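Step one of this worksheet: look at the structure below.
None of the figures in this text is laboratory data; all of them are computed from the coordinates on show. In this text, all values refer to a predicted model and were calculated from it rather than measured experimentally. Neighbour counts run over all protein chains shown; Cβ positions are idealised from the backbone, glycine included.
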């Protein structure tokens, strides 16, 4: 895949870890069409990079406002003929409401309360605590030696500074025949620390399989 391509699709378990939404939430939000995945291959559900960003925004908003208000905000976007993907918009919570930030305006999508802002897109990408009290991973660096770059492998998590998918390394170490400090014999650019991070992250994703 050439640099700049973004055709990678994310399975539900990886989407859950990167977005902070539980598998059950993803299922519910699909069924109620809060967010319809851009990529679906029946019977397997797959999400796009933009879907993951939008879901992460919803999870962050959910700390401050009800799910009903998030739905109302999405409906308001449609009412204003703002029909691009939800990830295209900067949405922030404000004292029980949801605001849409644009270059020259701030639009209250739910109520008519004040305009004190509680977050930005930078906050959405950084680690944060969801309403269950769990820490949602840093989107751009889900582990110290892993990276997510939209223009690298379509946003699939890779070893930092490389195009090597984290799960390739985890698979190599899976049966124990290769130790972390031996990975460089197969992938010279992968350190033992990076290999351990790949296995750790893969374990987090795999725990959600079957939910």
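At full extension, residue 33 and residue 66 could sit 10.3 nm farther apart than now, given 0.36 nm per residue minus the alpha carbon distance. From largest to smallest, the equivalent ellipsoid semi-axes obtained for the chain from the alpha-carbon gyration tensor read 34, 17, 16 Å.
Seen against the Cα atoms of the chain and their longest principal axis, helix 192-206 is set at about 50 degrees.
With contacts taken as Cα pairs under 8 Å at a separation of at least 6 residues, the chain carries a relative contact order of 20 percent. Note on residue 107 and residue 163: with the Förster distance fixed at 35 Å, the Cβ-Cβ geometry gives a FRET efficiency of about 0.30. Derived value for the range 4-99: Kirkwood hydrodynamic radius 13.8 Å. Basis is the mean of 1/r over every pair of different alpha-carbon atoms. Taking the Cα atoms only, what angle lies between the long axis of helix 49-62 and the longest principal axis of the chain, rounded to 10 degrees? The angle comes out at about 60 degrees.
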